[in-house]
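Only the coordinates and a few stated rules stand behind these numbers; no lab work does. Because the structure is a prediction, the values reported are computed rather than measured. Methodologically, a virtual Cβ is constructed for each residue, glycine included, from the backbone with ideal geometry; neighbour enumeration extends over all protein chains shown.
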Amino acid sequence: MRHLQGKLRCAFIIFSFLQHLASSQSVGVVQFAKANSSMSEDNELAYIGLIRTQGSYGQVVVTVGVVGNRTQATWGEDYYFNDTQVVWLDGDSSAKAIAIQILEDSVIEPLESITLAISAVHPAQAIGTQNQVAQLDIEEDTDGGLFVFTSAFNSTEDVASNPVKVSERPASLKKQCLVLATRTLGSSGRARLAIGNIPCDPKDYPDVAQLVFDFHWAPNSQDMVWEDGENDTRCVVYREAYYDYAKPNASGILIWPDTETEKQEAICLMPTSLPGSSAWGIAVPTSGLVILLQDLLPDELVTNCTAGQDCFIDLNASRADDNTTIFLSRDSCKSCSQMAAGILDGDTSDVDVVGLYLSGATWLLDVPSNVTSEMMPGSWDFCECVAVPALYKPDPKRMSNPGHGISSRLEEQIPIAIAELNLFGPFDSNVASCAVGQPRCRISKLLGYGLQIGDYLRIMPSCSMPGMLDATPAGFIEGAWAQMNENGSFDMNSTVSMSQVEAGIYKLCYCREAIGHDCQSIRSFNIEAGTFLFDGPSYEPTIKLTIGDTFNLSIAGTGLSSEDEVRLALKCGSSQGRYLQAHAVASRVYYFGTLTSDQLDAGEYQLCWCTVKRDSHFCNTSEDFQAFFGIVGLQCFAGHVNLGDGQCLRCHRVWEGPNDARNMCVTDPIMLLILFLFNALMVLALWILFSHLDAFKDQNKNKTTQTTATK
């Protein structure tokens, strides 16, 4: 029995050994550890696990690659991964991992995935039946941020639930911020934002501001961009000033004020995140951002004045009293500490403050012409600071009465707009041009504030310097003035008179008729409205040529072009006589070639210019060549004279020759001397001849007498 138990134990040990030996010689199977996994794109690497089970005998090599038709992510943009081999050595059954490089971008995209497959196994029996394909989902990160909008007047007030209220008061000469945007909850990537005007929902806002009638909207021509890492607060909606709105790069809202009593009118704007933006949200309701327009205050005053003229502003109906400080501001009355240069004190009877005057107790404010001529046309506010007694310190530069001066505690006072000044006139940034000799000179668009039909415009060397005013050319005084017509343009009075003035750069000078301000005098045109370019050639000094010379003309001037023409004619604008015409080469050089008597008669010619740049001019008629810019004297060739008919002839008298100008015959002293000597020699020769003849006759007579005597 004991012997039998020993045999059984031995057999069991041998069986277990053989079983272990058989299992240890199996290569096993290889598969992915998980069939599905996900990873945020802000992780640099994603790891995919592979496992070897059911054996570890021998070496196993597998290849893992991307299944292209089942992968939405883009290689090189979203990830980097190439086919990779994974090796298990003999006896190795540990888990392995492959790494995929994830590329973070800065745009919001749909869910993207990468599908991997075990594409090759050696030995083949190691191929498993499960998890041979694995999918990795790349999830968007949420660090691109969210846009939140607040009021520029109260940064804690969310515009999404609290509309921004804006007065209809005309905007100052400086743009005003209405809405701020903040990028929050992340700043990764480049965020792009745009804002557009949308119709308001009548259910929420029954009184809607009308585009064109109540406001204008100029969308920003450039995207608003927060670069990677930027999360600052920026102004995204502006209220534009009228002056800035006239510029081509203006953006924002231009509000037109009116005097009607209205309910609050709404303007609705919608921000959108542009394609390619990393921001994942915009915190606004479906109604968008809302701007509510509020009527002007009932006690506001509006005074209309003209630049360059005295302006009187009646403040009797205002809140002004003896304890208030009044200042003129180009910006809205935000703070009494932000004073403009000019300040007045109500209890001062007659104070000269930067050209502003207060007359007695009637509160009549006088802004003199020398001040209004320096002010930019547009809307100005008269602001008062009230509620806090002013503390004064003397300032001899501003005050004539000791003990009264600028308040040192204006920041403690409350600013209120009590009056408004509309200063009418042109902006000094206008640029206009006409060409010398053109049949019409029209300035079709003059930018300004409050311009009206009947306003005058003159072209002058200067609008304010007395010496320059006196030097205004007569042709400009007579012809270079115009009144604004119903189309808003200015047609100069006489281009024929203007063509008598040399081309160059001049000033546009403005005037509006008023009592004591007569626009018939050039000294009333004291407001500069911009620059006037009088296109054409500069005057040339007199050129002297001879028939047979080659004539090449190089000119200088303003606004010249390669389409210009120059004519050599007896009189600019006239069709009388013969002429030569040349086309511009490189806009400034004209080749007339060799001047022959077949082309032109001798005489004095005018240089006449024409351009086809404007007014449908073709420079093919004599009337087109009105612009005179020089004289060419064409004289006869040597030894010939032009006696007024243009023909070159020799002088009839032998002792006469042409003068230096070759336009008349004059006595030639040398020829006269030669002729005198010739005649003298002729007389001498004749005398000698006759003397010899007389002697010969006497000799013959004597011979005859002697012969007779001999006989």
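For the peptides 632-643, 112-123, what is the packing order when you average, over each peptide's residues, the other Cβ atoms within 10 Å and list the highest mean first? Intermediate results must be reported in sequence, preceding the final value.
Numbers: 632-643: 18.7, 112-123: 17.1.
My ranking of the peptides, most packed first, is 632-643, 112-123.
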Enumerate the residues in the range 83-106 having an amide nitrogen under 13 Å from the point lying 7 Å beyond the Cα of Leu45 toward its Cβ. 97-102
Quick one: length gained pulling Gln85 to Glu478 fully straight, 0.36 nm per residue minus the C-alpha distance? 132.0 nm
Could you sort 570-577, 620-627, 148-155 so that the peptide with the highest average Cβ count within 10 Å comes first and the rest follow in order? 620-627, 148-155, 570-577
Paired Rg and Dmax values of the range 24-139, which use every Cα atom, in angstrom: 15.2, 53
Ala117 versus Asp92: modelled label distance in nm, points set 7 Å from Cα along the beta carbon direction: 2.6 nm
Starting from the 7 Å offset along Cα-to-Cβ, what nm value, one decimal, do you get for the label separation of Met682 and Phe637? 3.1 nm
What number comes out for the charge environment of Ser622, summing +1 per Lys or Arg and -1 per Asp or Glu over other residues with Cβ under 13 Å away? 0
Name the long-range amide H neighbours of Asp455: under 5 Å, sequence gap of 5 or more, or other chain; modelled H, no Pro or chain starts. Met484
Cα-based Kirkwood hydrodynamic radius, the range 504-576, one decimal, Å: 16.5 Å
Could you give log10 I(q)/I(0) at q = 0.12, 0.14, 0.25 Å⁻¹ for the range 543-635, computed by the Debye formula over C-alpha point scatterers of equal weight, without solvent? -0.33, -0.46, -1.40
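Please compute the net charge surrounding Gln635, taking Lys and Arg as +1 and Asp and Glu as -1 over other residues with Cβ under 12 Å from its Cβ. All intermediate terms of the calculation are to be shown ahead of the outcome.
On the way: positive: Lys544, Arg662; negative: Asp549, Asp601, Glu604, Asp660.
Summing Lys/Arg as +1 and Asp/Glu as -1 gives -2.
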In which sequence would Lys697, Lys165 go, from the one with the fewest C-beta neighbours within 10 Å to the one with the most? Lys697, Lys165
Distribution output for the range 463-617: share of Cα-Cα pairs per 5 Å bin in percent, first bin at 0, values 2, 7, 14, 18, 16, 12, 10, 8, 6, 4, 2, 1, 0
So, over other residues within a Cβ distance under 10 Å of His583, counting Lys, Arg +1 and Asp, Glu -1, the net charge is -3
